[in-house]
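Taking it in order: structure first as structure tokens, then the write-up.
Nothing in this text is a laboratory measurement; each read-out follows from the coordinates by a stated rule. All values derive from a computational prediction rather than experimental measurement. Cβ atoms come from the backbone with ideal geometry, glycine included; neighbour counts cover every protein chain shown.
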Amino acid sequence: MGLSPQFLVDTIEHTIEVKWQHRVIFTDHLFDPANATLSGVLGKTPGSEPRRVLIVLDEALAIAQPRLLADIPAYFAAWKGELTLVRPPLLTPGGEYAKSSWSHVCELHSAIDQYHLDRHSCLVAVGGGGLLDMAGLAAATAHRGILHVRVPSTTLSQCDSGVGVKNGINAFGKKNFIGTFSPPFAVLNDFQLLSTLNDRAKRAGFSEAIKVACIRAPAFFEELEADATALRDCEPEAMRRLIRHCAGLHLDHIVSGGDPFESGSARPLDFGHWAAHKMEQLSEFHLPHGEAVAIGIALDVIYSRRKGYLDGTSAERILRLLEGVGFEIFSKELEQAGTHGELLILGGLEEFREHLGGRLSITLLRAIGRGFEAHEMSLSTVKDSISELRERQAAIVPRPAG
């Protein structure tokens, strides 16, 4: 039966293709005036005025490396023909606190307005992943988007979160509930910014490297196994190799994975993250992200083995690598119960599905370097896997202090 005239539809439709460049540049001593990297990235175009730049600096980093407060203005003074620093670096708390409230985004919006930054100006964020997420959201939403450069200052952000195209803050008790997809103008990894981190913080990013090796890079996994002792001891050259290789693999996936803005439900780079995000929430974010991801990976590895997807030898190699670089693979949040005795960690599955949209998609393993998407999880097998993790952790003899 034909449509009545009043229901006829006339449609004009075009496909819009957007090209963007994604750069990760590795250097040392970024704010040494002799280092032209930042000026080369941000320098003015011919015939234009020097580019106006606002820098937001992680408070903890400024305390650990107080010279930055003098080095940054000195750098811009040396390159004044190319760049204009509109004010001294704006100090902002980092970590999950930076992502805890819209007020931190508003503070940056206010500074962008006060110092007359426009779409040709740039917000440079120097700090850990939490600060980068928040500052990226501010940059993406001021003037519908100003240029944004990330300068990650933690192992985790240099090899994973700072390399991505996502920005956001937490809300309603959920990770990254408010956010945008907005590629940075550039990511500048300065290895010297890691020098004042304690060993626990240096190791935090190793879990993301193990994650990407597990799902797509068996040769990288073997490199990590060979470097495990050096990584546990935070030897600089081993860390450099990990960061460079891990950042490259993340960039390759974003650019060539076919879904850089995650319009679908599959997110292989979130292997181990459904439980990690929930553990962070249950710990009131006292459990660091990298450590939570290590536990989440261990949980999904054991689940994959118990379901018959992954062979036992491969599962044991992954667990030994996580432990070998210094991670514990169990946390009390895995067994935290609600008022009716239910395991609260299981709520992470529904939250993950909701965050992705559509059906549940959890990355599991068929082999080292070969992930796949599962669309349902056996709750009884998850519980058994948690029990196995607890027993394994309890059997580990603590290493002597020092």
Assuming R0 = 30 Å, what is the FRET efficiency of ALA34 and ARG87, from their Cβ-Cβ distance, to the nearest 0.05? 0.80
Extension length gain for THR27 and GLU13 (0.36 nm per residue less Cα distance), in nm, is 0.5 nm
Only loop residues by DSSP count here, and only those with at most 14 other Cβ atoms within 10 Å; note down the trypsin sites (Lys or Arg not before Pro) in region 16-118 that meet that. LYS19, ARG23, ARG67, LYS80
In what sequence do THR141, THR180 fall when counting other Cβ within 10 Å, fewest first? THR180, THR141
Comparing VAL255, VAL41, VAL18 in a Gaussian network model of the chain (Cα, 10 Å), the one with the largest mean-square fluctuation is VAL18
Looking only at region 24-194, where both bridge partners belong to it, what percent of the DSSP beta bridges are antiparallel (to the nearest 5)? 20 percent
Cysteines having no other Cys beta carbon under 4.7 Å from their own, within the chain: CYS106, CYS122, CYS214, CYS234
Here the relative contact order (percent) of the chain, from C-alpha pairs under 8 Å and at least 6 apart, is 13 percent
Label point distance in nm, ALA226-LYS383, each placed 7 Å from Cα along Cα→Cβ: 4.5 nm
Computed helical MRE - 222 nm, the chain, DSSP H runs ≥ 4 contributing -39500 (n - 2.57), nearest 500: -13000 deg cm²/dmol
Using alpha-carbon positions, what is the distance between the centroids of region 95-126 and region 181-218, in Å? 23 Å
Quick one: order MET239, MET134, MET377, MET279 by neighbouring beta-carbon count within 10 Å, fewest to most. MET377, MET239, MET279, MET134
What are the GluC sites (Glu not before Pro) within region 291-363 that DSSP puts in a loop, where the Cβ has at most 16 other Cβ atoms within 10 Å? GLU328, GLU342
Would you list TRP274, TRP102, TRP20 from fewest to most Cβ contacts within 10 Å? TRP20, TRP102, TRP274
Antiparallel as a % of all DSSP beta bridges within the chain, to the nearest 5? 30 percent
Please give the Cα centre distance for region 372-395 versus region 31-84, rounded to the nearest Å. 48 Å
In nm, spacing of pseudo-spin labels at ASP233 and LYS332 (7 Å Cα→C-beta vector): 3.4 nm
